[in-house]
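Some notes on the structure that comes next.
Since every read-out is calculated from the coordinates, none of them should be taken as a lab result. A quick note: this is a predicted structure, and the numbers were derived from the prediction, not measured. A quick note on method: Cβ atoms are made from the backbone with ideal geometry, for glycine too, and the neighbour counts reach across all protein chains shown.
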Ligand SMILES: NC(=O)c1ccc[n+]([C@@H]2O[C@H](COP(=O)([O-])OP(=O)(O)OC[C@H]3O[C@@H](n4cnc5c(N)ncnc54)[C@H](OP(=O)(O)O)[C@@H]3O)[C@@H](O)[C@H]2O)c1
């Protein structure tokens, strides 16, 4: 199985490390022999149609090196790599842009048109062109997976689509952003004001220098769009999401919530009629009342009533769990 | 209005039906029936607790009269029973006049009452927080209270935080 990895950042490197670590496990368990025939970032591509040397890959990943640090790397674009490198599966792991979906959208389309199966963690293309990509994959007869795009390590989409397939999903509720959950959890524990906790989160590298995408609920909204389309079968666009962030939340508000056995979380809620992201009162002990940077999703279902799942919503090693899961699933499907 | 009624029935078949008939006749909508066989009275009667919705006081009176004429022993008639409890938090520049309007308005919605109100004033020029606990007798009235509240908060630029497990 030949893999082309577009994007050699946190996730690209994390994927390479997990693949190398699990090489013999993948062969023993599933008879899989993945070979990375190319890694690509903005600086160029390193390719080898027999598979790049695992030790070299792991070393460069560990050093957080750019692709330009690989011997014999070529100054070609991702699109050129997709068109010229022979492979079965393309991993699209470039940065998210929810306005245009680029560069991921072009990469995914090119890969599908070249007959490659695609696995992505990139929310951008899914938010901008979910139906279009699903149709294209079908038309081209290729597999398309995006488990890592929502919930990091948590198999949210697969859980709903496969294991709960006999149910009608009535409602999806999710704490889908680790940064805001960390901020709200710390505010609840310490009684500290928002600005102070945000600064602390930035110093710890949990929040970005520009935290807008997280605290205004944009990241959560993007994930909710994907869940609505993938699980509820809707055709929701980003602009359809009613959205309120967490910047106005004060320690007093959290204290008032606590006195009645609640806490405040940034929650995305999707039903057949509505898609909304806003701070919500969550009873302590409710499946969504998770602390730290954890994510959680609660499904309301016609038969099972409620099913919830919790886990790490980000991190290269954690998220590689979803990427590997998708890889194995694609291989099983096409076998 | 929602009514809670306790009666004592003889422990022979057909008694319950006889007691329910007048409620249905006057448009009542029964929500729950609890038999308390384990609490039989010394005379061998079984206490039964009914909760039902009925249009108004005058219809309730007619129901009670009908029960009396059928010799059904009613031991207790309760006022409304609130079945839905919602906690919400409001954030923003909340002034006292707003709070008064808010409570009066919610209390004026049928089957809905503000049970508890807690305020945490922010410092000067800081936003304040208020917590309200609202009781309602049905999901419909609970939704009505929330939808009125969100309209109010929009107008006053307040942030309304509702509960994740709110009424459907
Ligand atoms: N990090 C997580 O835990 C996590 C979890 C779930 C989903 N995601 C999503 O997964 C994606 C990747 O995340 P990440 O944390 O790995 O991001 P990242 O560290 O910023 O890495 C992005 C990679 O994409 C490369 N890239 C950018 N533009 C490119 C282009 N036009 N052609 C080829 N490569 C290009 C970058 O190369 P340069 O360095 O040369 O610019 C970099 O190697 C994002 O969409 C993110 O939202 C991340």
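Take the conditions (1) within 11 Å of the ligand (Cβ to nearest atom); (2) in a helix (DSSP H, G or I); (3) closer than 17 Å to residue A:320 by Cα; residue A:57 misses just one of them, which is (1).
Scan the range B:122-164 residue by residue and report those that are at the interface with chain A (Cβ under 9 Å from one of its Cβ atoms), touching a residue at least 12 places away in the same chain (Cβ under 8 Å) and in contact with a helix residue (DSSP H, G or I) (Cβ under 9 Å, 6 or more places away or on another chain). Correct list: B:127, B:128, B:129, B:130, B:131, B:159, B:160, B:161, B:162.
Taking the listed residues A:191, A:268, A:217, the one that is within 13 Å of chain B (Cβ to nearest Cβ), in contact with a helix residue (DSSP H, G or I) (Cβ under 7 Å, 6 or more places away or on another chain) and buried (at least 21 other Cβ atoms within 10 Å of the Cβ) is A:268, with no other qualifying.
Taking residues in the range A:1-25 that are at positive phi and more than 14 Å from every other protein chain (Cβ to nearest Cβ), and partners anywhere that are within 16 Å of the ligand (Cβ to nearest atom) and outside any helix (DSSP H, G or I), the pairs with Cβ atoms closer than 8 Å and at least 6 places apart or on different chains are A:7/A:40; A:7/A:41; A:7/A:91; A:7/A:92; A:7/A:93; A:7/A:94; A:7/A:95; A:7/A:122.
Residues of the range B:56-72 include none that is in contact (Cβ under 8 Å) with a residue 60 or more places away in the chain and assigned to a strand (DSSP E or B). For the range A:319-335, the set of residues classified as crowded, with 20+ Cβ neighbours inside 10 Å and away from the ligand (no atom under 16 Å from the Cβ) consists of A:330 only.
Within the range A:3-13, is there a residue that is closer than 23 Å to residue A:145 by Cα, surrounded by fewer than 22 Cβ atoms within 10 Å (Cβ to Cβ) and within 13 Å of the ligand (Cβ to nearest atom)? Yes, the conditions are met somewhere in the range A:3-13. Residue count for the range A:100-121 under the criterion of being closer than 16 Å to residue A:143 by Cα and either away from the ligand (no atom under 12 Å from the Cβ) or crowded, with 24+ Cβ neighbours inside 10 Å (or both): the result is 14. Of all residues in the range A:276-286, exactly one satisfies the criterion of being more than 8 Å from chain B (Cβ to nearest Cβ) and surrounded by 24 or more Cβ atoms within 10 Å (Cβ to Cβ), namely A:277.
Could we say that residue A:263 is surrounded by 18 or more Cβ atoms within 10 Å (Cβ to Cβ) and farther than 29 Å from residue A:166 by Cα here? So residue A:263 fits the description; yes. Only one of the numbered conditions (1) part of a helix (DSSP H, G or I); (2) within 14 Å of another protein chain (Cβ to nearest Cβ); (3) within 25 Å of residue A:153 (Cβ to Cβ) is violated by residue A:227, and that is (2). Reported count of residues in the range A:64-99, each being more than 9 Å from the ligand (Cβ to nearest atom), within 19 Å of the chain's Cα centre (by Cα) and part of a loop (DSSP other than H, G, I, E, B), is 2.
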